[in-house]
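Presented below is the structure to which this report refers.
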Amino acid sequence: MTFQGEMPLFRLRSGDGQDRGTLDAWQRRDMVIALLHGSDCQRCREFLAGAAARAGAWWSEEIAFFAVQRAPSHPSVARYVLLDPDGARWAQVSRVAGVGGNRAAVVIANRFGELCAALDPHSADAGEMLAEVESWLDLAQRQCGECQPPLQWE
């Protein structure tokens with residue numbers, strides 16, 4: 001895995017009308033940024049639903065979750081979906097993560113924007129993918145000299 005820099009800092013309008021993004025998490029929270037296809041992609045939909053269900057617990061562990069999409073998603077996950085109609089932010093994150101093109105990816109970065117992993121959400125079912133994301137998050141927190149004891153996943 002070859003990364004081309006650090007997580008870009010940005011804010012986009014979320015599906016619930018708020019401006020959110022990596023700029024808000026930088027130096028405060030580790031980050032999970034999911035570059036997801038729209039509602040026509042079943043694997044992306046399943047990952048988004050699973051991640052949104054865990055996002056509250058992640059937040060309490062100082063982890064921010066955002067999904068970058070070109071079109072709005074189901075209202076139940078709207079607060080986590082950052083709308084990127086022209087694809088500019090998707091392209092930035094994709095480029096630094098070494099993903100390229102229009103491929104979906106789940107990118108994990110520490111609070112300082114250093115990339116830890118870029119995963120393909122199509123490579124496994126949502127449960128397996130979320131477990132892998134949490135393993136990378138655990139590693140990122142274990143490596144952080146500022147953090148307290150590492151995550152204890154249930």
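Determine if region 2-14 includes at least one residue that is over 24 Å from Gly98 (Cβ atoms) and either part of a loop (DSSP other than H, G, I, E, B) or of a type in the set (Phe, Trp, Tyr) (or both). Among the residues of region 2-14, not one is over 24 Å from Gly98 (Cβ atoms) and either part of a loop (DSSP other than H, G, I, E, B) or of a type in the set (Phe, Trp, Tyr) (or both), which makes the answer no. Looking across region 105-129, the residues that are within 16 Å of Arg43 (Cβ to Cβ) and surrounded by fewer than 22 Cβ atoms within 10 Å (Cβ to Cβ) come down to Asp120, His122, Ser123, Ala124, Asp125, Ala126, Gly127, Glu128. Any idea which residue in region 4-61 is surrounded by the most Cβ atoms within 10 Å (Cβ to Cβ), counting only those that are touching a Gly at 6+ places or on another chain (Cβ under 8 Å) and of a type in the set (S, T, N, Q)? The selected residue is Thr22. Number of residues in region 84-119 that are among the aromatic types (Phe, Trp, Tyr) and closer than 18 Å to Leu12 by Cβ: the value is 1.
Throughout, read-outs are computed from the coordinates displayed, never taken from laboratory work. No experiment lies behind these values; they were computed from the predicted model shown. Methodologically, a virtual Cβ is constructed for each residue, glycine included, from the backbone with ideal geometry; neighbour enumeration extends over all protein chains shown.
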